[in-house]
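The values are calculated or read from the model by the stated rules, or taken from the named source; none is laboratory data. Source: prediction; values computed, not measured. For neighbour counting, all protein chains shown are included, and Cβ atoms are generated from backbone atoms with ideal geometry for every residue, glycine included. Ligands, DNA and RNA are excluded from the accessible area calculation, which covers all protein heavy atoms including side chains. Shrake-Rupley method; radii C 1.70, N 1.55, O 1.52, S 1.80 Å.
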Amino acid sequence: MSTCSILDRLAALDTSTVSDALDFLHLKGATYGLRPLWDCPKIVGRASTVKVGHKTDSVATPHPFTPVIDAITTDDRVLVISSGLEGVSCWGDIISNASKAKGIRGTVIDGWCRDINGSQEAGYPVYGRDVTMISGRSRLVQLASGTPVQMRGVTVREDDYVIADICGTVFIPADRIEEVLDLGERIDRRETLMVQDVRAGKPVSEVMHDAKFEAIHKETLSLAAAATAAHSKQKVKSASAQDQELVRLFAGLDSPAVSDALDKLGIPGQAFGIMPLTDYNKITVGPAFTVRYVPATDPPGSVGDFIDDVAAGDVVVIDNGGRTDCTVWGDIMTQYAGLRGIAGTVIDGVCRDVNLAINEQYPLFSAGRWMRTGKDRVQVGGVNEAIGVGKVHVRPRDIVVADANGVVIVPRNRVREVAQVARNIEESEAAIREMTSNGSTIAEARKTLGYHTLQRRG
């Protein structure tokens, strides 16, 4: 098979699917932490490897990567750079423009990048650990090229295949690419049928129950027939009158206002490290439906059946112990939750298949994103019990307030008090803004309205 057709087939998949295929074949390739450093497109290509290291002398040397870039003569390459120094840039906008001119498809760095706006303006994809302003000049030197390199614990060889998208970066050994593609395409077809099932109204517990990798080996005719069969929509639990009343108390209040009220009342409720998937314009408020995950047993237990018991308007709050090595939420759960009117999901852990959640504006808050499945790695350990999320104690039916700023949890027995204090603080801050708009200094406005005591306990 030609390299071009292989790359076309790989480009039709996403990192989550490829990661699943690698899992099934017991191959390492999925990495954590190598993410897009601007809103760049997916990249798919073959690795040109470079290893850098700390420069220990003052001898003038060529800029790292320039010999590799100059030597490239095909349009299928992705630069794969290892061993970057903490906080020191391996890459910048000039080298991005040079790579773009050479037809290189993108760069993946186990390290840092700077001048990221310049790479974005050039339309050159850069994936890495983070951005910095510190130059690598006189700090970094190229040690080798075309040799095996380590990328977040994965060995990558020259000419291995690379796929990187919004969920992260995956490397595929060149000698196993056709196996991975064949299996990845079968996984993709099967999950497409599962999504069709969900959209047709089939309970997700039935859809996910047969979602074992072994089922991929079965004939697809029966699966296709099942996917096209008509399924009656399941009755969705309605929110209770009391839940609706408590949610209404937070109308017009955002997470910073509620956070300030919690501080004033001495209530710990800010979920540390749990951030929105994107900058949501709306504020999500709802009672917590709590879920606790544990490491999988042998044989493994269920992973998503609980969702059929979640009421419309609830926020699913998942305690996966802060694990970042496997996910507990993907596109099938997102699709089904949206159909059932679930308000949103909060995860002390990572999620995957994020494009669907972003495109459909489904509120999803987590400690990060990664493509590796949680199937056979974790299972549901309990529902509707006290859990911990982002260092906060969460009880079933506590009220969750989440937006672009983060997530706060309000104990159900303190909801009315917290909402009233939050509203008082909001009114005082609005008055300060009005006074400054009318000519007062900020010091005068703050003193008049007691700004420095608004969030102070007592």
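Tell me, in nm to one decimal, what length is gained between ASN424 and SER437 on full extension, where the rule is 0.36 nm per residue of separation less the Cα-Cα distance?
Contour length minus the Cα-Cα distance gives 2.7 nm.
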Listed values [x] 42, 33, 17; [y] 52, 25, 18; [z] 34, 24, 21, entry calculated as semi-axes √(5λ) of the Cα gyration tensor in Å: [x]
Spin-label model distance (nm) - HIS63 vs LYS237, 7 Å beyond Cα toward Cβ: 6.0 nm
Karplus couplings for the range 164-173 from phi (6.51 cos²θ - 1.76 cosθ + 1.60, θ = phi - 60°), rounded to Hz, Gly and Pro as x? 9, 8, 4, 8, x, 10, 10, 10, 10, x
If amide H atoms are built 1.01 Å from N in the plane of the peptide, which residues on other chains or at least 5 residues away come under 5 Å of the amide H of HIS393? none
If one takes the longest principal axis of the Cα atoms in the chain, at what angle in degrees, from 0 to 90 and to the nearest 10, does the Cα axis of helix 177-199 lie? 20 degrees
Antiparallel content of DSSP bridges confined to the chain, in %, to 5: 55 percent
Protein chains only, probe 1.4 Å: how do LYS55, LYS237, LYS447, LYS102 rank by accessible area, largest first? LYS447, LYS237, LYS102, LYS55
Using only C-alpha atoms and all pairs of different ones, pull out the Kirkwood radius for the range 2-56 in Å with one decimal. 13.8 Å
Taking 113-122, 377-386 and ranking on average Cβ neighbours within 10 Å, highest first, one gets 113-122, 377-386
Once you order the gyration tensor axes a ≥ b ≥ c over the Cα atoms, which shape class does the range 6-179 get: rounded for a/c under 1.5, otherwise prolate or oblate by comparing a/b with b/c? prolate
If you count only protein heavy atoms and use a 1.4 Å probe, how large is the accessible surface of LYS100, to the nearest 10 Å²? 100 Å²
Hey, which of these cross-link pairs are over 32 Å Cα-Cα: LYS237/LYS282; LYS28/LYS202; LYS102/LYS282; LYS237/LYS264? LYS28/LYS202; LYS102/LYS282; LYS237/LYS264
Here, GLN361 and ASP70, labelled 7 Å along Cα→Cβ, have an inter-label distance in nm of 5.2 nm
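When DSSP beta bridges are limited to those with both residues in the range 241-417, what percentage is antiparallel, rounded to the nearest 5?
55 percent
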For the range 330-442, list log₁₀ I(q)/I(0) at each q in 0.16 Å⁻¹, using the Debye formula over Cα point scatterers of equal strength and ignoring solvent, two decimals each. -0.90
Tell me which residues come under 5 Å, amide H to amide H, from ALA30 once H is placed; ignore anything under 5 positions away on its chain. PHE171
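When you count, for each residue, the other Cβ atoms within 10 Å and take the mean per peptide, how do 174-182, 31-39, 364-372 rank with the highest first? If you can, show how the numbers build up before the last one.
Values: 174-182: 16.6, 31-39: 18.3, 364-372: 24.9.
Those peptides, ordered most packed to least, come out 364-372, 31-39, 174-182.
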Ignoring everything except DSSP H segments at least 4 long, calculate the 222 nm mean residue ellipticity for the chain; use -39,500 (n - 2.57) per segment, divide by total residues, nearest 500. -9000 deg cm²/dmol
Applying a 10 Å radius around every beta-carbon, put 132-139, 248-255 in order of their mean neighbour count, most first. 248-255, 132-139
I want the antiparallel fraction of DSSP beta bridges within the range 6-179, as a percent rounded to 5. 55 percent
When the chain is fully extended, how far beyond the present Cα-Cα distance does THR3 get from ALA144, taking 0.36 nm per residue of separation? 48.2 nm
Built amide H within the under 5 Å cut-off of THR290, gap 5+: VAL317, ASN384, GLU385, ARG397
Tell me, what HN-Hα J-couplings in whole Hz come from the Karplus equation 6.51 cos²θ - 1.76 cosθ + 1.60 at θ = phi - 60° for each residue of the range 278-286, using x for Gly and Pro? 8, 7, 5, 7, 9, 9, 9, 9, x
Return the sequence-ordered ³J(HN,Hα) values of the range 253-263 in whole Hz as given by the Karplus equation 6.51 cos²θ - 1.76 cosθ + 1.60 applied to θ = phi - 60°, using x for Gly and Pro. 9, 9, 5, x, 5, 5, 4, 4, 5, 4, 4
